[in-house]
1. Between the range 120-186 and the range 313-382, how many Å separate their Cα centres?
2. Have a look at the DSSP beta bridges in the range 38-372 and tell me what percent are antiparallel, nearest 5.
3. Sort the range 251-382 into rounded, prolate or oblate with this rule: let a ≥ b ≥ c be the square roots of the eigenvalues of the Cα gyration tensor; rounded if a/c is under 1.5, and if a/c is not under 1.5, prolate when a/b is larger than b/c, oblate otherwise.
4. With Kirkwood's inverse mean 1/r over C-alpha pairs for Rh, give me the Rg to Rh ratio of the range 38-372, two decimals please.
5. Determine the sum of side-chain charges near Ser99: Lys and Arg each +1, Asp and Glu each -1, restricted to other residues whose C-beta is under 12 angstrom from that of Ser99.
6. Quick one: net charge around Gln144, please, counting Lys, Arg +1 and Asp, Glu -1 for every other residue with C-beta under 12 Å from its C-beta.
Amino acid sequence: MSWIKTALLISLVTAFLFEISSFVATKLELFLVNKTPSLYDFGPSADDIVYGRTEREAWGAWHATSSSYRHSRSCFDVLMSFNEIGARDNSFVNLPDESIVLLGDSFAEGFGVSESETSQYLIENELGVPVLNFGAGGSFGPLQELLIYKHYLSIPHQGLIIYVLPANDFTDNDSAVWSDLDQMRYRPYFSQEGDPLTPYYFPTATPRDTFISYDIGTDKKFVKDYFWSVNALRTALMLVRGDATIEVATDDNTLTQSYFYDANPLQQSNLIAAYEAILDLANNREVLFVIIPGQDDIARWENEIEQNSYKQQAWYEGFMAFQERSQQRVSTLNLIDHLPEDTDELFLTCDGHWNPNGNQWASDIILRHIQNNRLFSSFIER
């Protein structure tokens, strides 16, 4: 029995040292996630956003209805509230016909900022018509945007704004990428056989009411509430999933990977097919695509010899072709063409999403584009 006691003692000491080192690393902000366990956190009282993210609908990632959750990291601490259908927005009951649907991922959702600081809120406030926020975090790609738009197509609206984030929109619904990362999440992927827009789900995936079960590999709430080492586990999971920056070698030097340049042909054709299907559903409604560069995209663009070479790729030419559609007005705004001198000021210091400055910058550019091109002019008073 002595060997059992020895093994138990070694395990306890190892766990204790792991917890202590995780505490130190968290305080030094060495992990990708550096959150204080709720037992030691005396900030605003609310369940963490991980309990407010669901995967029970056909489009996967979404939000718990009629609820509020706290979202915090080392550089932000915000309360996220969701309406009766789970959108981060005011109620969608009794909407006027003169509304605009916003589709997109966490940039549309307003990751890391308060609702009044999101680009959606700022655009809505300036235009004077509801901008309905259907954005969602949690790896939300173009196929999911198609499915959620199809589901809520009957909600009154006369136009669409669609946020396109090449940094992950090419891979969010690519089963070839996710098969080695996580086959447990209930989320749709482009089909590899037949029509790519027929959603494919991994056989091991099941709907779930929160992200907690796969967020840290356990569904025990006390682990997240009591232990600093959960930050190490989450960081490891993010690295496994490929959320960290990836470097790719070229003939001349090493450049940061950017899907402005590096998406494969199938990823490009699937993305364009999903957005073309959204345009077909939108019928004659006007649509504005907003192409968003992330920090890695900006770094790659700044170091490329031929910076605009991505504009000759199939995905970008697809957006240009959308603008030639008959009986439907489609416009594309590429935010990489409007970057300020100091782009670091646009992003959260502990995360790659827009900070309040970034949301303000994006909304200003979008509003100017709408104004200059007289988009949505049939129902927006100038």
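A short reminder: the numbers here are calculations on the coordinates, not readings from a lab. These figures come from a predicted structure and were not determined experimentally. Please note: Cβ atoms are built from the backbone with ideal geometry, for glycine as well, and neighbour counts cover all protein chains shown.
1. That distance is 15 Å.
2. Percent antiparallel among DSSP bridges in the range 38-372 is about 45.
3. It comes out oblate by the Cα gyration axes.
4. 0.94
5. It works out to a net charge of -3.
6. -3
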